[in-house]
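Data first, discussion second: the structure below is written as structure tokens.
The values are calculated or read from the model by the stated rules, or taken from the named source; none is laboratory data. Keep in mind it's a predicted model, so treat the numbers as computed, not measured. Please note: Cβ atoms are built from the backbone with ideal geometry, for glycine as well, and neighbour counts cover all protein chains shown. In case anyone asks, the SASA skips ligands and DNA or RNA and just uses the protein heavy atoms, side chains included. Shrake-Rupley method; radii C 1.70, N 1.55, O 1.52, S 1.80 Å.
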Protein chains: 2
Amino acid sequence: MRLVLRTDPQAIGHVTTAVGNAGGAITALDIVESRKDQLVVDLTASAGSTKHADQLTDAVAALDGAEVHKVSDRTFLLHLGGKLEIAPTAPLRTRDDLSMAYTPGVARVCRAIADNPADARRLTIKRNTVAVVTDGSAVLGLGDIGPSAALPVMEGKAVLFKTFADVDAWPVCLDTKDPDEIVRAVELIAPVYGGINLEDIAAPRCFEVEERLRAKLDIPVFHDDQHGTAIVVLAALMNALRVVDKRMADIRVVISGAGAAGVAVVKILQAEGARDIVVCDRKGALHPGREGLDESKTWLASHTNQKWTAGGLRETLAGADVFIGVSGPDVIQPEDLRVMAHDPVVFALANPDPEVNPAGAREYAAVVATGRSDEPNQINNVLAFPGVFRGALDAQARDITEEMKVAAARALAGTVADDELHPEYIIPGVFNAEVAPAVAHAVRNAAEHD
Amino acid sequence: MRLVLRTDPQAIGHVTTAVGNAGGAITALDIVESRKDQLVVDLTASAGSTKHADQLTDAVAALDGAEVHKVSDRTFLLHLGGKLEIAPTAPLRTRDDLSMAYTPGVARVCRAIADNPADARRLTIKRNTVAVVTDGSAVLGLGDIGPSAALPVMEGKAVLFKTFADVDAWPVCLDTKDPDEIVRAVELIAPVYGGINLEDIAAPRCFEVEERLRAKLDIPVFHDDQHGTAIVVLAALMNALRVVDKRMADIRVVISGAGAAGVAVVKILQAEGARDIVVCDRKGALHPGREGLDESKTWLASHTNQKWTAGGLRETLAGADVFIGVSGPDVIQPEDLRVMAHDPVVFALANPDPEVNPAGAREYAAVVATGRSDEPNQINNVLAFPGVFRGALDAQARDITEEMKVAAARALAGTVADDELHPEYIIPGVFNAEVAPAVAHAVRNAAEHD
């Protein structure tokens with residue numbers, strides 16, 4: 001907080017007392033300016049939450065003789081000027097450097113690419129760069145906030161790509177929601193990139209956009225909200241089944257959520273041999289008898305639930321071995337899990353509030369996973385997308401196939417050794433340094449042997 | 001050169017002798033592989049030119065028992081994987097870092113921007129980032145090579161932006177030449193950027209694209225091939241006039257070249273008080289009586305040459321104080337300068353071969369400048385665009401106005417002190433560290449006082 005205090009020998013003491021009484025821990029106090037009648041002071045304190053931070057600010061503002069001018073916090077300060085910068089890969093210090101990186105030397109490199117377009121992947125940033133493309137229509141839990149407000153998330157995604165797999169990723173936030181315009185814009189910018197990561201584009205437009213771009217472009221196009229989630233879910237499920245000693249071909253899986261992630265999870269589970277899957281939307285189980293289904297729900301209804309199970313989510317859970325939630329908060333209670341088969345596996349992935357309370361779920365389930373960082377078994381897409389693109393770029397792949405995704409899942413699952421496997425450790429932590437290289441290696445091999 | 005040599009005790013000696021006889025200086029010899037019948041050798045040598053490098057390669061290829069496999073050079077090696085990478089501005093090492101740079105902390109930053117869009121310029125890379133946009137239709141001396149082949153130049157431009165003014169610049173190479181598609185694509189990607197630098201887009205489309213984008217966007221749009229050139233030309237001319245003791249309002253200027261650069265030079269000279277300018281295209285002086293002129297030539301014809309001078313370039317030079325060439329090679333001979341006024345100033349900027357031979361021109365002219373790095377008085381856009389965008393970004397300018405461009409030119413001219421000014425030193429060298437800050441400062445002031 002930047003405060004302006006009336007000059008008074010006890011002014012600062014009153015402020016520090018007020019903050020302390022409100023439960024804040026002061027970590028720094030700096031006099032910024034000393035004027036005749038006023039002191040300008042920067043006070044830094046730790047708070048337990050954003051609500052608590054507001055309480056501390058209010059406590060100070062309530063004091064006579066104190067004005068609160070600007071309030072910031074670590075997160076906002078970290079974001080000043082954005083989280084990315086561009087760095088030359090070779091220094092430019094002399095005329096000689098200039099004549100190679102720029103004119104006249106660069107002209108020969110341009111001519112080489114003009115003569116042989118495939119050389120772009122060797123001689124330019126196309127070798128290592130992925131575009132992170134959004135229209136800002138489905139950002140985190142915030143929904144349709146638009147391209148400018150989505151940019152901090154896309155910058156963060158780029159930070160993750162670089163940190164975990166040395167992939168250069170650049171934010172592309174498009175000021176349109178029209179699928180034709182999105183597809184055309186990505187086509188137009190594609191020469192610079194070796195891959196496209198679609199992010200936070202709302203269903204059902206995301207399916208159409210991904211499908212059309214995969215058809216048009218000769219570089220991989222991957223909607224992480226769908227396939228990143230699916231890869232990590234498959235890896236976690238592979239390991240959970242090892243824990244409960246069941247096989248993919250034998251299990252009944254119930255999925256809550258028929259959006260982007262739900263469709264992709266079904267496809268990858270079926271690629272790995274799952275044969276009995278039922279998907280529920282808000283109205284209950286999807287089956288061919290249901291009317292008024294949109295395109296992806298129609299696909300789901302005709303590719304799953306061969307037994308035409310009907311009914312709500314609770315009924316559908318009867319006898320199921322696995323529940324995967326990719327929907328919203330609190331759709332079931334812990335007791336609802338009682339009807340599942342023995343040793344049920346529960347992945348409740350809605351963020352920030354899962355489909356079922358995890359602690360409660362653990363009373364009924366053998367293995368529980370969520371998307372939360374403060375719970376064991378966090379299903380986090382960052383375990384997949386960096387390695388997937390690293391492998392695809394290194395293979396100079398033109399597409400990310402189902403085989404490459406399953407290979408990624410197997411490699412991710414394999415980073416948990418047999419003697420480490422445990423109901424509360426079915427998936428590695430995000431900072432496990434083995435993950436991205438193992439995933440990249442497997443994806444590259446799968447690409448090169450396709 | 002990567003060579004495969006028949007194993008023979010004299011094999012390497014024959015190679016080194018051949019290279020030496022052809023005038024190459026060998027700087028390194030590395031055995032890469034030693035096979036039963038063959039040696040794989042990497043030989044590195046210095047050559048005087050690309051032609052000479054080819055001669056060295058031919059000399060080795062001609063040897064019995066030697067095969068030349070791959071030939072590269074420093075420039076190509078520098079370009080492997082491109083010349084740029086993305087760097088996070090803060091390290092990501094712990095869960096705590098992750099929770100601020102990504103979920104959940106980043107959501108609050110997104111919400112702040114959603115509530116107040118102007119905050120994007122504070123809290124994201126929009127603060128410091130410029131898009132370098134091309135369609136690859138007018139690249140250096142290579143012409144229409146397309147977006148992929150143009151990418152090395154755009155990467156180089158980004159290296160210059162960062163090196164000289166700490167501006168983050170990102171290549172946008174568009175796979176279209178349609179002005180409607182170019183304008184719409186830039187509009188769609190604009191949320192990420194604080195400015196747009198148009199580059200290597202052919203005339204006359206470049207005029208329309210720049211004009212339409214300046215009207216649509218609330219960030220500066222600047223076609224460097226036009227205005228960067230114009231700014232540096234004005235700065236150099238201001239100093240050249242100091243050398244020959246003439247005033248802008250009194251001089252007659254003849255310009256060869258009615259393309260993008262020519263139009264921009266006319267506008268900036270007129271903004272600074274020049275009153276007597278004649279522009280020549282291939283057919284001679286532009287005047288309102290000429291027929292069949294395109295839009296920019298029509299503008300030039302009606303805004304210059306009030307005396308309706310007609311005739312070819314040579315005749316037009318009679319009595320002129322200044323000749324500025326922004327056209328092609330060898331349009332005049334040194335002797336043609338004889339008809340100019342006393343102490344003529346000659347800027348022959350066609351690259352790589354100027355309108356007139358510089359050494360010859362110096363016999364007739366008081367001050368000679370070219371675009372070449374191996375001549376004194378190099379007119380190089382890198383003296384302008386980094387500082388111009390630095391100043392515009394810092395002022396959070398919405399546009400780059402004529403005032404800002406003239407301010408840039410004055411600041412650039414001013415970096416040559418009175419006691420340094422000399423016929424062969426009218427413009428600073430590109431590595432002069434004063435230039436970009438001085439230009440940025442002047443541009444920012446001009447923007448903030450508009």
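Listed values, structure above:
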| item | result |
| --- | --- |
| Some residue of region A:372-392 being without any contact (Cβ under 8 Å) to a residue 60 or more places away in the chain, more than 21 Å from the chain's Cα centre (by Cα) and not in a helix (DSSP H, G or I) | no |
| Region B:304-317: number of residues that are within 28 Å of the chain's Cα centre (by Cα) and open to solvent by 20 Å² or more (accessible area, probe 1.4 Å) | 1 |
| Flag for A:P91 being more than 30 Å from A:V326 (Cα to Cα) and more than 7 Å from every other protein chain (Cβ to nearest Cβ) | yes |
| Qualifying residue in region B:29-49 (condition: closer than 30 Å to B:V159 by Cβ, of a type in the set (A, V, I, L, M) and out of contact with any Gly (no Cβ under 9 Å at 6 or more places or on another chain)) | yes |
| Residues that are assigned to a helix (DSSP H, G or I), under 18 Å from A:D178 (Cα atoms) and polar (S, T, N, Q), drawn from region A:118-167 | A:S148 |
| Helices (runs of 4 or more DSSP H) fully within region B:189-282 counting 2 or more residues that are more than 14 Å from every other protein chain (Cβ to nearest Cβ), open to solvent by 30 Å² or more (accessible area, probe 1.4 Å) and under 20 Å from B:Q378 (Cβ atoms) | B:224-244 |
| Yes/no for B:V159 being within 8 Å of another protein chain (Cβ to nearest Cβ), β-branched (V, I, T), open to solvent by less than 10 Å² (accessible area, probe 1.4 Å) and closer than 24 Å to B:V439 by Cβ | yes |
| Scope region A:111-135; condition of a type in the set (D, E), open to solvent by 20 Å² or more (accessible area, probe 1.4 Å) and either facing chain B (nearest Cβ under 7 Å) or more than 18 Å from A:M100 (Cβ to Cβ) (or both); matching residues | A:D115 |
| Filter result for A:T316 (touching a strand residue (DSSP E or B) at 6+ places or on another chain (Cβ under 8 Å), more than 24 Å from A:E402 (Cβ to Cβ) and free of Cβ contacts under 8 Å to residues at least 40 places away in the same chain) | no |
| Hits in region B:404-429 - residues which are open to solvent by 30 Å² or more (accessible area, probe 1.4 Å), touching a residue at least 60 places away in the same chain (Cβ under 8 Å) and part of a helix (DSSP H, G or I) | B:R410 |
| Within region A:430-450, tally of residues that are open to solvent by 40 Å² or more (accessible area, probe 1.4 Å) and within 21 Å of A:K162 (Cβ to Cβ) | 7 |
| Selection from region A:49-63 of residues that are assigned to a loop (DSSP other than H, G, I, E, B) and at pLDDT 90 or above | A:A62, A:L63 |
| Given (1) without any contact (Cβ under 8 Å) to a residue 40 or more places away in the chain; (2) assigned to a helix (DSSP H, G or I), index of the condition A:V15 fails | (1) |
| Residue tally, condition aliphatic (A, V, I, L, M), without any contact (Cβ under 8 Å) to a residue 40 or more places away in the chain and buried (at least 18 other Cβ atoms within 10 Å of the Cβ), over region A:79-110 | 8 |
| Residues satisfying the stated conditions in region A:56-97, i.e. over 30 Å from B:V109 (Cα atoms) and touching a helix residue (DSSP H, G or I) at 6+ places or on another chain (Cβ under 8 Å) | A:G65, A:A90, A:P91, A:L92 |
| Region A:387-396: number of residues that are open to solvent by 10 Å² or more (accessible area, probe 1.4 Å) and not polar (S, T, N, Q) | 3 |
| Within region A:168-179, considering residues that are assigned to a strand (DSSP E or B) and more than 24 Å from B:R95 (Cα to Cα), the one farthest from the other protein chains (Cβ to nearest Cβ) | A:V172 |
| Test: B:L293 is at pLDDT 95 or above and either part of a loop (DSSP other than H, G, I, E, B) or open to solvent by less than 10 Å² (accessible area, probe 1.4 Å) (or both) | no |
| For A:R74: the one exception among (1) open to solvent by 60 Å² or more (accessible area, probe 1.4 Å); (2) within 7 Å of chain B (Cβ to nearest Cβ); (3) at pLDDT below 90; (4) more than 37 Å from the chain's Cα centre (by Cα) | (4) |
| Residue in region A:136-151 that is surrounded by the fewest Cβ atoms within 10 Å (Cβ to Cβ), counting only those that are under 16 Å from the mean Cα position of the chain (by Cα) and more than 9 Å from chain B (Cβ to nearest Cβ) | A:G143 |
| Test: residue in region A:290-303 that is under 21 Å from the mean Cα position of the chain (by Cα) and closer than 25 Å to A:L337 by Cβ | no |
| Selection count where residues are in contact with a strand residue (DSSP E or B) (Cβ under 9 Å, 6 or more places away or on another chain), open to solvent by 30 Å² or more (accessible area, probe 1.4 Å) and of a type outside the set (S, T, Y), scope region A:360-386 | 5 |
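Residue by residue, here is whether (1) within 14 Å of another protein chain (Cβ to nearest Cβ); (2) surrounded by fewer than 14 Cβ atoms within 10 Å (Cβ to Cβ); (3) under 38 Å from the mean Cα position of the chain (by Cα) holds:
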residue	(1), (2), (3)
A:D37	no, yes, no
A:L43	no, no, yes
A:Q55	no, no, yes
A:V60	no, no, yes
A:G65	no, no, no
